[in-house]
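The values are calculated or read from the model by the stated rules, or taken from the named source; none is laboratory data. Predicted, not measured: the structure shown is a model, and the values here were computed from it. Note that we place each Cβ from the backbone using ideal geometry, even for glycine, and neighbour counts take in every protein chain shown.
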Amino acid sequence: MLTLVVLVAVSFWLLEKTSTSTRDVISAREQRGALTRFLSAVQDAETGQRGYLLTGESRYLEPYNLAVTDVPQRLAEVRRQFKDQTQLNAGFDKLAAATADKLEELAETVRLKTEGDSGRALAVVKSDRGKNLMDTIRTLVEEQTELVEAELTKSIQSQQDDAMLARWFTVGAGVVILLAALGAAATILRYTRALLATRGKMEQLNLGLEERVKERTADLQRANDEIQRFAYIVSHDLRAPLVNVMGYTSELEAGLGTLVSLCEDPKLDELESGPAARAAIREDLPESIGFIRTSTHKMDGLIKAILKLSREGQRILRPETVDLEEFFDSAIAAVQHRVTEADGEVEVLRPMPTIETDRLALEQVFGNLIDNALKYTMPGRAPKIIIEQVPSRWGAIVIEVRDNGRGIAIDDAERVFDLFRRAGAQDKQGEGIGLAHVKTLIRRLGGEITMTSELKRGTTFRVMLPRKLPEKPNAQ
């Protein structure tokens with residue numbers, strides 16, 4: 001690379017040097033041409049004057065008049081060509097003065113001849129005044145021409161030297177480039193051989209790695225299936241004694257009704273433990289049965305949640321084309337009554353893309369997020385939910401669900417996606433499986449979910465989904 005940079009720099013330098021020499025040659029030739037044209041114009045004027053003086057015919061005045069008009073223009077052209085050579089201005093001033101005197105002499109003789117005074121006109125010619133002026137003009141022009149010729153010879157020689165240098169540089173550059181190319185080819189060949197050898201080793205390692213990955217994947221799949229079966233069996237088996245407890249609780253409530261009627265019997269007060277029995281029947285037993293029923297309901301909800309997660313892990317995802325605009329319109333319509341009751345607003349920022357995914361799983365994901373946004377609102381503030389597609393890399397679809405609810409504290413941000421874990425005040429009904437279920441579904445769809453939140457300001461969930469459901473979706 002350094003060699004190429006040096007070659008390019010030298011090439012530009014030689015090109016500029018050659019261009020300068022060429023410009024000098026062209027300038028010198030133009031200067032020489034300007035001097036020649038000027039001298040020719042003066043000579044044409046003198047030739048026309050002499051022809052008119054000798055013949056007296058007016059046809060000689062036409063070339064004379066043209067030449068007299070052309071001389072000042074040619075002199076101005078000479079000055080333009082030498083404008084950068086200020087050291088020659090004194091010589092051009094002399095040339096201009098001699099030219100003016102010469103034109104005056106020519107005009108005088110023509111005037112006298114035209115007036116019929118040929119003798120006086122001839123006398124002016126014989127005085128050698130015009131000859132001396134013409135000799136002066138020729139001498140001055142020749143001096144300038146000699147300087148120009150010397151400069152032209154110098155520029156031509158410089159141009160030839162530059163051309164020779166450029167030829168030798170081209171040869172040298174070609175040799176350097178050839179050597180660099182040979183070195184690069186040798187280096188590439190050496191690295192290619194090393195790469196091929198390494199690739200062979202990598203292929204052997206990959207073959208063994210693929211086998212190990214297949215074995216581990218099969219082991220993980222078997223373990224996952226066993227966990228799902230275990231969760232299903234445990235949940236199913238737990239429900240049997242729970243149903244018994246719930247049944248016996250109902251019998252206790254029925255028996256308690258009979259005991260309550262005994263509390264009205266006045267004879268109960270005759271017993272020593274009567275007042276304590278009446279308090280137990282009216283207060284302690286109903287409270288205990290209430291605690292038992294509440295606990296059994298809670299445990300029943302947890303068991304159902306485990307069964308639900310177990311079944312979802314076994315459900316086969318079925319890809320279909322989903323227009324997200326129509327999808328969110330349907331999702332909002334399903335909860336519109338709740339939005340209206342809360343005097344809230346759900347806004348979908350369009351346009352929305354079309355993707356290929358499992359519609360049921362998608363409904364469960366966004367249905368849960370919208371439900372949470374409507375459930376965990378900030379007291380005194382009407383809920384507002386905004387659903388929007390945001391820019392994303394790698395061609396994935398990212399949907400944001402933003403709300404202005406109570407928010408989630410920083411300490412609780414990491415655990416909201418854990419199973420049976422809830423954040424904030426426990427003033428709303430739930431088992432703590434909603435976001436865990438959402439995260440599981442999104443991973444099975446080939447995506448990810450993240451959350452940012454500010455306490456008392458609101459929460460934003462970012463759901464990233466592929467445009468097309470993976471052929472082998474993630475297991476839970």
### Query
Here are some residues: Glu105, Glu16. Which one is of a type in the set (D, E, K, R), out of contact with any strand residue (DSSP E or B) (no Cβ under 8 Å at 6 or more places or on another chain), assigned to a helix (DSSP H, G or I) and farther than 30 Å from Ala180 by Cβ?
Glu105
### Flag if Glu16 is farther than 23 Å from Glu115 by Cβ, of a type in the set (Asp, Glu), assigned by TED's automatic domain parsing to the domain that holds Leu106 and surrounded by fewer than 14 Cβ atoms within 10 Å (Cβ to Cβ)
yes
### Query
Considering the stretch 58-84 alone, what residues qualify as being surrounded by fewer than 15 Cβ atoms within 10 Å (Cβ to Cβ) and either of a type in the set (S, T, N, Q) or more than 22 Å from Glu46 (Cβ to Cβ) (or both)?
Ser58, Asn65, Thr69, Gln73, Arg80, Lys83, Asp84
### Query
Ala361 versus (1) assigned to a helix (DSSP H, G or I); (2) under 21 Å from Arg338 (Cα atoms): which is the lone unmet condition?
(2)
### Summary
With criteria (1) modelled with pLDDT under 80; (2) within 30 Å of Ala180 (Cβ to Cβ); (3) exposed (fewer than 12 other Cβ atoms within 10 Å of the Cβ), Val5 comes up short on (1)
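On the basis of being closer than 22 Å to Pro63 by Cα and either in contact with a Ser or Thr (Cβ under 9 Å, 6 or more places away or on another chain) or in the same structural domain as Arg50 (by TED's automatic domain parsing) (or both), does Leu122 make the cut?
yes
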### Query
Mind checking which pairs have a first residue in the stretch 244-261 that is assigned by TED's automatic domain parsing to the domain that holds Pro275 and surrounded by 10 or more Cβ atoms within 10 Å (Cβ to Cβ) and a second that is polar (S, T, N, Q) and in a helix (DSSP H, G or I), Cβ under 6 Å, 6 or more apart or different chains?
Val245/Thr296; Met246/Thr296
#### Entry: Single residue of the stretch 439-476 satisfying the filter (of a type in the set (Asp, Glu) and not in a loop (DSSP other than H, G, I, E, B)) that is modelled with the lowest pLDDT
Glu454
### Query
Does Thr192 qualify as being exposed (fewer than 14 other Cβ atoms within 10 Å of the Cβ) and in a helix (DSSP H, G or I)?
yes
### Message
Of the conditions (1) closer than 13 Å to Glu46 by Cβ; (2) touching a residue at least 24 places away in the same chain (Cβ under 8 Å); (3) exposed (fewer than 15 other Cβ atoms within 10 Å of the Cβ), Glu149 satisfies every one except a single condition; which number is it?
### Response
(1)
### Message
Condition first: within 29 Å of Val148 (Cα to Cα) and either outside the structural domain of Ser27 (by TED's automatic domain parsing) or in contact (Cβ under 8 Å) with a residue 24 or more places away in the chain (or both). Can you find one or more residues in the stretch 46-60 that meet it?
### Response
yes
### Task
Looking for whichever is at pLDDT 90 or above, part of a strand (DSSP E or B), in the same structural domain as Thr460 (by TED's automatic domain parsing) and among the hydrophobic types (A, V, I, L, M, F, W, C) here; the options are Ile332, Ile399, Ile370. Which one fits?
Ile399
### Task
Return the total of residues in the stretch 112-130 being closer than 30 Å to Arg79 by Cβ and either surrounded by 14 or more Cβ atoms within 10 Å (Cβ to Cβ) or at pLDDT 85 or above (or both).
4
